[in-house]
1. From the list Ser54, Ser101, Ser116, which one is assigned to a loop (DSSP other than H, G, I, E, B) and within 13 Å of the ligand (Cβ to nearest atom)?
2. Determine which member of the set Val93, Val2 is modelled with pLDDT of 95 or more, on the phi < 0 side of the Ramachandran plot and either in contact with a helix residue (DSSP H, G or I) (Cβ under 6 Å, 6 or more places away or on another chain) or surrounded by 13 or more Cβ atoms within 10 Å (Cβ to Cβ) (or both).
3. So which residues in segment 81-98 are outside any helix (DSSP H, G or I) and touching a residue at least 40 places away in the same chain (Cβ under 8 Å), if there are any at all?
4. Considering (1) touching a helix residue (DSSP H, G or I) at 6+ places or on another chain (Cβ under 6 Å); (2) part of a helix (DSSP H, G or I); (3) within 16 Å of the ligand (Cβ to nearest atom), say which one Ser11 fails and leave the rest.
5. Do we have Phe103 as of a type in the set (Phe, Trp, Tyr), surrounded by 19 or more Cβ atoms within 10 Å (Cβ to Cβ) and within 14 Å of the chain's Cα centre (by Cα) here?
6. Name the residue that is farthest from the ligand (Cβ to nearest atom), counting only residues in segment 14-41 that are among the charged types (D, E, K, R), in contact with a strand residue (DSSP E or B) (Cβ under 7 Å, 6 or more places away or on another chain) and farther than 19 Å from Tyr145 by Cα.
Amino acid sequence: AVLQLAVLVGSLRAQSFSRKIAKALAARAPDSVRCRFIEIGELPLYNEDLDGESPPAAWWAFRAAIRECDAVLFVTPEYNRSIPGCLKNALDVGSRPPGKSVFKGLPAGVVSVSPSKIGAFGSNQALRQTFVFLDMPAMQQPEAYIGNAAELLDDKGAVTNADTAAFLENFMAGLETWIRRVHPGGSSFDA
Ligand code: FNR
């Protein structure tokens, strides 16, 4: 069955390199993978006081959307050597209330993106640290640190570098293979 892959982008700006790379990844996903972009920009900041009988509608919708997916692909920039606050907030929202985390057990892929040369190594690794507590297995290889992002994309967001395009396609194929291996009991693709 088709694998439902949530895509979370850790940048909210319209011209985000990370979003362009995420779209390029989705465009190269195998036919048996459906990429579903789930937006995180309108999620109110996590506050336990609001998480009672009637949590904010945006939290409810976000949690429901993740629950419909088999795995999560994170495509994120680096802010101050860590993940942007919007992405951390989405992880926090999805992780609660206790015992009801929508992320628990979901396999994850990580692609970090930066216009600088280091390829957002810090955010890539910081994100993986949260996976330990969230109990999310993460694909280890291939790793994806997309540096020099501005030079890899044209005005319309198309990947201009052939090596990068091939790398992104290979990453998606590898991610699907790994997800199906690590999580054969996925909610929608094991039938
Ligand atoms: C940055 N940027 C940045 N880049 C980086 O490689 N390492 C870093 O630690 C930081 N820190 C940082 C903090 C803040 C608050 C901002 C706004 C930016 C630069 C960042 O990589 C650049 O703005 C990217 O274009 C952001 O990604 P998107 O929005 O293009 O996906």
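1. Details: Ser54 fails: within 13 Å of the ligand (Cβ to nearest atom); Ser101 fails: within 13 Å of the ligand (Cβ to nearest atom).
Every option except Ser116 fails the conditions.
2. From the options Val93, Val2, the qualifying one is Val93.
3. The answer is Arg81, Ser82, Ile83, Pro84, Arg96, Pro97.
4. Against the list (1) touching a helix residue (DSSP H, G or I) at 6+ places or on another chain (Cβ under 6 Å); (2) part of a helix (DSSP H, G or I); (3) within 16 Å of the ligand (Cβ to nearest atom), Ser11 comes up short only on (2).
5. So Phe103 passes the test.
6. This residue is Arg34.
The values are calculated or read from the model by the stated rules, or taken from the named source; none is laboratory data. Bear in mind that the values here come from a model prediction, so they are computed numbers and not experimental data. Cβ atoms come from the backbone with ideal geometry, glycine included; neighbour counts cover every protein chain shown.
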